[in-house]
1. Could you please let me know if T204 is among the polar types (S, T, N, Q), on the phi < 0 side of the Ramachandran plot and touching a residue at least 24 places away in the same chain (Cβ under 8 Å)?
2. Under the condition of being part of a loop (DSSP other than H, G, I, E, B) and among the small types (G, A, S), which residue from the stretch 112-135 is nearest to the chain's Cα centre (by Cα)?
3. Can you work out which of the residues in the stretch 182-212 that are farther than 19 Å from P106 by Cβ and out of contact with any strand residue (DSSP E or B) (no Cβ under 7 Å at 6 or more places or on another chain) is most open to solvent (accessible area, probe 1.4 Å)?
4. Quick one: in the stretch 136-149, which of the residues that are in contact (Cβ under 8 Å) with a residue 60 or more places away in the chain and part of a loop (DSSP other than H, G, I, E, B) is farthest from K188 (Cα to Cα)?
5. Quick one: how many residues across the stretch 195-233 are of a type in the set (D, E) and assigned to a strand (DSSP E or B)?
6. Return the total of residues in the stretch 222-233 being in contact (Cβ under 8 Å) with a residue 40 or more places away in the chain and buried (at least 16 other Cβ atoms within 10 Å of the Cβ).
7. Hey, G216 hits all of (1) open to solvent by less than 30 Å² (accessible area, probe 1.4 Å); (2) farther than 30 Å from T121 by Cβ but one; which does it fall short on?
8. For the stretch 234-260, which residues satisfy the criterion of being more than 16 Å from T195 (Cβ to Cβ), touching a strand residue (DSSP E or B) at 6+ places or on another chain (Cβ under 8 Å) and either outside any strand (DSSP E or B) or open to solvent by 60 Å² or more (accessible area, probe 1.4 Å) (or both)?
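The values are calculated or read from the model by the stated rules, or taken from the named source; none is laboratory data. Please read these numbers as outputs of a predicted model, since none were measured by experiment. Every residue, glycine among them, receives a Cβ derived from its backbone with ideal geometry; neighbour counts consider all protein chains shown. Only protein heavy atoms, including side chains, enter the accessible area calculation; ligands, DNA and RNA are left aside. Shrake-Rupley method; radii C 1.70, N 1.55, O 1.52, S 1.80 Å.
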Amino acid sequence: MKVAYFGYNAFSSCLDVFERHNHEIVFIFTGESSPHTDQIVAFAERTSCQISFDKPSQVHMEALVHDGVECFFAAEYPWRIPIPASLPFAINVHPTMLPDGKGPTPLPSLILKDSQYSGITLHKMTSKFDDGDILLQEAVSLDTNESFDSLSLKLAIKTPVLLNKLLSNLQDYGQSSTPQCGGSYWPKLSREDQTIHWNTPTETISKKLRAFGSLGVFSEIDNQACLITAAQWELHSHSLLPGTILSADNIALVIATNDGFVRIPRKHLLST
């Protein structure tokens, strides 16, 4: 089976699963060349597979099917993919237990408030995001101190395993797929959702730091807007005003919260 793949590095191990099942990746769609796509690009170079950094168009998708592509597979791909009517298989990976958690940024939401819907769903792609019949899914438990990055790693490990199961009996899973009924849509989180304020409890701040992980949270330090992509925190009783800089050197900053402090390594502190 010829396959067109849509995605970034996070789920690039799925490419190897298709190869092990003797399917041929003939075209890859990804984002512009960056550290988030280098593994995808390396695979394309190794296999002499065509690659595109452009958004998929209806004309191009129809041409792929005309040239014998039988499956579109998308994993954390942000752009809408036009699905030709004659395409036998169109499969998407979604990191929640659908039908709950539809939407563009579910991982932070899982950590902030909706951990019961954590999981992987392989479902049929349609013209509507996250709405096709469910092929296979598996719950993924969240640890007490789960972060965006640790959850992303869990999903990256489990998704190829689930894909391997699907490809072992694709026709049967396709015929026995389950339509989605009800569920919930989680809109894209706002900048305020992604912002921490030093006068809030350390627990609230730490939860946002974990929920957004390497994506970063916005804040203000000494009247300077910044993005924090990693930090450590500690509860500690003190009489300092929240937002006070306790210490600052070339390695890290330490900021007071209303009931503790947060240490931010300089390499994880960016001006915005």
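1. Values: among the polar types (S, T, N, Q): yes; on the phi < 0 side of the Ramachandran plot: yes; touching a residue at least 24 places away in the same chain (Cβ under 8 Å): no.
Judged against the criteria, T204 is not a match.
2. G132
3. E203
4. Step one: list which residues in the stretch 136-149 are in contact (Cβ under 8 Å) with a residue 60 or more places away in the chain, which gives 145-149.
Next, only the ones that are part of a loop (DSSP other than H, G, I, E, B) stay: 145-147.
Values: N145: 23, E146: 20, S147: 18 Å.
Across the stretch 136-149, the extreme among qualifying residues is N145.
5. In the first step, residues of the stretch 195-233 are kept if they are of a type in the set (D, E); the result is 203, 220, 222.
Subsequent filtering for residues that are assigned to a strand (DSSP E or B) retains 220.
Total satisfying the criteria: 1.
6. Qualifying residue count for the region: 4.
7. Of (1) open to solvent by less than 30 Å² (accessible area, probe 1.4 Å); (2) farther than 30 Å from T121 by Cβ, only one is false for G216: (2).
8. The answer is E234, L235, H236, H238, L240, L241, T244, I245, L246, A248, I251, D259.
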